[in-house]
Structure formats: C-alpha cells, structure tokens
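What follows draws every value from the coordinates through simple rules; no lab data is involved. Please read these numbers as outputs of a predicted model, since none were measured by experiment. Cβ coordinates were reconstructed from backbone atoms using ideal geometry, including for glycine residues, and neighbour counts include every protein chain displayed.
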Amino acid sequence: MNILSLIWYVLCPILIMTTAGYLLGNKFHVDPHTYNQVMNKVVWPVYIFYGFYLSLPSLSILVFFPFIFLLLLLPMIFGKTQWNYIPSIFEEGAFVTIVILLFICIRDPYVTNDNTSYLPIFRTVSISLVIMIQLSTLMLQTFKKHQKPAHFLKNLLTLPALYAICAAFACYRLSYPIEETFTAPVISHLSGVFIILATVTFGVQLNYMSDTEKITQPLHFLIPLILAPIATAVFLYFIPILSPLTKQISLIFFTTPCMLYILKSTAIHFIRKKSLYPLLIPACFAVILWITITLSVVLLYPLEA
C-alpha cells in the first residue's frame with residue numbers, strides 16, 4: 001500500500017467521520033458518556049462475538065498479554081506520575097486502531113481477485129489485542145488503588161465483552177448457525193456500525209476533551225511514541241511462534257494509538273488557543289502526513305517467514 005492510497009482510502013474516511021463527530025458534539029452538545037456506553041456495552045461486545053464466531057484466534061496470541069501488561073506498567077515502575085496517561089492512550093485509541101486495520105486489510109496487497117481473505121485474521125488479532133489491553137488496564141487500576149483481587153474479579157464479571165467471548169466460543173464449537181437466526185441482518189452490517197460509531201465517538205470525545213483535558217507537554221509524546229513501536233518490534237523479533245502477518249498487524253496496532261493521541265492533542269491545543277485556530281487544519285494535516293509516513297514504514301514488515 002503506497003502513501004497516497006493510505007491517505008485516501010484509510011486516513012481520509014476516518015478524518016471525515018471524526019470531524020463529523022466533533023461538529024456533532026460541538027453543535028448539539030452530545031454527551032460523550034452516552035456514546036461510550038453504547039460502544040462498550042452494545043456494539044463492542046457484539047463485534048467481539050461475531051468476530052470470534054467467524055474465526056477463533058490462535059492461542060499463540062496470548063503471548064502478548066504479559067507484554068501488554070509490562071508495556072502499560074513500565075511508566076508506573078519508573079515513578080513518573082505524568083506518564084500514567086499511557087494506558088489511556090491505548091484504551092482510547094484502540095477502537096479507531098481497529099478501524100484503521102479494517103481499512104488497510106481491504107486494500108492491496110491484502111486483496112487478491114476481490115477476495116478479502118486476510119480480513120478474519122486482521123479482525124481476530126485486533127480484537128484479541130484490545131481485550132488484553134482492557135484486561136491489563138483493569139488490573140493496573142486495581143493495583144494502583146490497592147484493591148483486593150476479589151474487586152478485580154467483580155469488575156471483570158461486569159464486562160459485557162467477557163460474556164460475548166464465552167458466547168462466541170460456545171457457538172463456534174457447537175457450529176450454531178447464527179446466519180439463520182433473526183439477528184443475521186443486524187450482524188451482517190455490524191462492521192459498518194462499528195466503524196461509524198468508533199470514529200464518531202472519537203470526534204465527540206475530542207470536542208469534550210478540548211474543554212477539560214490537560215494539554216500534555218510535547219516531550220511526553222516521545223515516551224509512548226518511541227516506547228511502544230520499539231518495544232513491540234524487539235518483542236516480535238524474539239517470538240517465533242507468531243505468523244509474519246500477525247506480527248505485522250500487531251506492529252501496526254501498537255504504533256497507531258500513540259499517533260492518534262498526538263493528532264488528538266494537536267487538535268485540542270489549536271482548538272483551545274483561539275489565536276491559533278486558523279492553523280488547526282494545516283497542523284492536523286501535517287500530523288496526518290507524518291502518521292502516513294510512519295504507517296507506510298511499518299507496513300514494510302515482510303509477510304514472508
């Protein structure tokens with residue numbers, strides 16, 4: 001995938017839908033909490049269920065769990081309280097990262113003769129990584145608040161995603177024909193609903209955060225931006241059990257949330273400073289160009305073993 005295709009087919013649609021979400025929140029004062037609830041408790045669990053029902057992830061993907069946990073824990077170990085936003089970077093950008101991966105896997109070189117054969121693995125790997133990020137974040141919050149393991153278990157049992165995973169595994173093993181049930185029309189359009197809601201919600205949150213979120217110092221950008229891709233690349237180098245495609249997907253996955261965070265922070269900074277407002281679009285496009293170049297480099301990871 002070349003740079004122009006990446007901009008036109010991947011980043012432009014996301015930018016348009018995110019901007020629509022921002023304008024929606026700005027004009028109608030939409031509560032981002034409502035969108036988050038719909039996303040996390042309805043759309044996301046159903047997306048997990050259908051993705052795992054169609055294709056169960058390989059057990060080898062579980063090697064990422066200790067890596068993700070340590071990646072989110074490292075800033076806290078070093079005692080830098082201002083770095084504690086790193087877990088939220090991956091959690092906030094996770095859904096949009098899935099959308100980026102979905103857009104990438106339906107373009108060349110992943111499509112042959114109009115056959116999107118790579119879509120199942122892109123979907124299951126990205127879903128698995130997000131689930132592990134959410135579990136790691138929940139564990140870190142429990143430890144940080146000095147709560148008992150029973151409290152973690154209690155919070156875990158309230159997650160709709162947990163029941164979606166169990167239902168997907170059960171239906172897959174029993175070969176239950178979901179396509180023949182009354183839910184088939186809804187599920188068939190699920191990817192479109194997920195894409196729209198994930199990006200629009202990100203835009204609504206951007207409008208809300210422009211008034212409430214503390215602007216992070218530019219130096220803080222370098223921490224997740226350098227830490228995540230390099231740590232992921234080193235980790236993947238020493239893990240031979242993962243397929244080359246899984247490695248490429250995961251490298252894209254761990255690179256993208258940091259870049260989305262930089263784009264979000266850039267937008268917030270220019271929105272808040274009214275004198276710089278005319279430079280908002282050029283600044284965002286400069287960041288998008290940088291994101292495109294970075295993603296293009298990441299996509300060079302060889303697919304051949």
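Derived from the Cα gyration tensor, the three semi-axes of the equivalent ellipsoid of segment 98-195 are 31, 20, 11 Å, largest first.
If one computes P(r) from the Cα atoms of segment 167-210, what percent of pairs lie at distances over 14 Å?
The calculated P(r) of segment 167-210 puts 66 percent of pairs beyond 14 Å.
Averaged over residues, the count of other Cβ atoms within 10 Å places the peptides 91-98, 234-241 in the sequence 91-98, 234-241, highest first. Ranked by the mean number of other Cβ atoms within 10 Å of their residues, highest first, the peptides 142-148, 256-262 fall in the order 256-262, 142-148.
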